[in-house]
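As structure tokens, the structure follows; a few thoughts come after it.
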Amino acid sequence: MTFPKLASLKTTADFRRRTAELGLELPVSDEAPGLALGTPYTLPLPTPRPAGNRFAILPMEGWDASTEGHPTDLVRRRWQRFGQSGAKLIWGGEAVSVRPDGRANPRQLVLNAETVGELQSLRELLVREHALRSSTEDLTIGLQLTHSGRWARPTDFKRLEPRVAYRHPILDVRSTVTSDAAVLTDTEIADLIADFVRAAVRAQQAGFDFVDVKHCHGYLGHEFLSAVDRSGPYGGTLTNRTRFLREIVAGIQRDAPGLGLGVRLSLFDQLPFQKGPEDRGVPTAWNGPYPYAFGGDPLDPTQIAWEEPRAFLRLLTELGVHLVCLTAASPYYNPHLQRPAAIPPSDGYLPPEDPLVGVARQVNAVAHVKREFPHLAVVGSAYSYLQEWLPAVGAAQVAAGQVDFVGLGRSVLSYPDLPHDVIGGQALQRRQICRTFSECTTGPRNGLVSGCFPLDDFYKQHPDAARLKELSQH
């Protein structure tokens, strides 16, 4: 099973022909993309904040802080490049753990009393870099707060130390959960909620405009949304499964008044996938209804069931949270849904579908949300695989009112100037466009630093590049 490379689609007619062959609704703009993507937007925060264009930098999971959770020169370089990008909404910049045991790797940033000043310095560095090219008056910066839950590796790159919302019939084996000792008690959850609130207070002290209470990608906040088998106040009904979020939001609004709030949400999920014939991804065998995919139909998890995502988004509105960043599924058990790519990371599987299908699935789900919840400020994801077509597809969605911001994740690692070039009407620097080689994931999954080793000259010369090349050959 092979799929045409996007680089082979030379014209708009070629792109439209390919999406038609796949039966996809994925429009491209015939106008200069900078016209739509360069329009300003007012963000619905407690004090409304301007964003001067429609590009957002998505939060990525750093693997290159110190082992105590402090920024390093590599982290500072990445934040400089976020500022350089020209994007006017920085959604988190980085996933920051609210306490050490919640880190997804031993070199993830932590926000605590010892690091708050350094996070402030990171934000100020980003702002200074942005000011070299553009006004900072219309720049809005948030910080993503997280606990990795089932996928926590706080002390060893290769050893999971999971804390989970519930025992999962498939994922327990993958995440080395062997007993109920890994399940957070109600008291431990209350303590963790207090940690989220304290982290938000510190983010406000550090000058961030908003915090994102992370509910995506299989991490703890997301896992609570599917805790249908958990007893007590944090499981079972959707009201209970959203209690974790509601109590965090209430605590932040109490202790950090005026701080903006956002949520990055995995809007839908499916069965976990695994390697099948010829290393192609296939869903894990399962008999009967599958109730553990938030936003998935239990009788057919390949389909989106909208009832609970709608209820969650209505809840956000009731809580006064009007800023959402939408993504899907998890990089740990169905990455082709979450971040469509041509080549999988070393621990992944070959895509079971043309990655354009995965892009369209997310783009159209986001458009569905925006039509139904027009008052929400909506950031979309999954654009990186589009490569040269990213600006034209993103512009078409913005112009049609189907998304408010085009989110850039791994693509900004290789090509931080992309928003600046698109809005300025400049030709794309094709040699810097992310081709979704997935080495930015393969490296960190093997204990190496974050970065784009194939396309960023800085990382080509980094000592970890040779080790990554060895890994790729095996």
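The values are calculated or read from the model by the stated rules, or taken from the named source; none is laboratory data. Model, not experiment: these values are computed from the prediction. Every residue, glycine among them, receives a Cβ derived from its backbone with ideal geometry; neighbour counts consider all protein chains shown.
Data for the structure
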| quantity | calculated |
| --- | --- |
| Index of the failed condition, Gln303 passing every other in (1) assigned to a helix (DSSP H, G or I); (2) without any contact (Cβ under 8 Å) to a residue 24 or more places away in the chain; (3) touching a Gly at 6+ places or on another chain (Cβ under 9 Å); (4) not basic (Lys, Arg) | (1) |
| Residue check for Ser135: modelled with pLDDT of 95 or more and either closer than 20 Å to Thr441 by Cα or among the β-branched types (Val, Ile, Thr) (or both) | no |
| Qualifying positions in the range 20-38 - surrounded by 15 or more Cβ atoms within 10 Å (Cβ to Cβ) and on the phi > 0 side of the Ramachandran plot | none |
| From the options Tyr290, Tyr385, residue that is in contact (Cβ under 8 Å) with a residue 12 or more places away in the chain, in a helix (DSSP H, G or I) and among the aromatic types (Phe, Trp, Tyr) | Tyr385 |
| Any hit, the range 265-285, residues being under 23 Å from Gly93 (Cβ atoms) and part of a strand (DSSP E or B) | yes |
| Set Pro374, Pro340: member being part of a loop (DSSP other than H, G, I, E, B) and either of a type in the set (A, V, I, L, M) or under 24 Å from Thr12 (Cβ atoms) (or both) | Pro340 |
| The range 228-251 - residue that is hydrophobic (A, V, I, L, M, F, W, C) and not in a loop (DSSP other than H, G, I, E, B) and, of those, nearest to the chain's Cα centre (by Cα) | Leu245 |
| Qualifying residue in the range 117-136 (condition: among the β-branched types (Val, Ile, Thr) and surrounded by 18 or more Cβ atoms within 10 Å (Cβ to Cβ)) | no |
| In the range 57-77, the residues that are at pLDDT 95 or above and closer than 27 Å to Thr39 by Cβ | Ile57, Leu58, Pro59 |
| Among (1) at pLDDT below 95; (2) touching an Asp or Glu at 6+ places or on another chain (Cβ under 9 Å) - the single one Lys370 does not satisfy | (1) |
| Every pair of residues 6+ apart whose Cβ atoms lie under 8 Å, when the first sits in the range 439-455 and is in contact (Cβ under 8 Å) with a residue 60 or more places away in the chain and assigned to a loop (DSSP other than H, G, I, E, B) while the second is surrounded by fewer than 23 Cβ atoms within 10 Å (Cβ to Cβ) and polar (S, T, N, Q) | Asn446/Ser346 |
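Conditions tested, residue by residue: (1) buried (at least 19 other Cβ atoms within 10 Å of the Cβ); (2) modelled with pLDDT under 95; (3) under 27 Å from Lys158 (Cβ atoms).
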| residue | (1), (2), (3) |
| --- | --- |
| Pro40 | no, no, no |
| Leu45 | yes, no, no |
| Gly52 | yes, no, no |
| Phe55 | yes, no, no |
| Ser85 | yes, no, no |
| Ala95 | yes, no, yes |
| Arg107 | yes, no, yes |
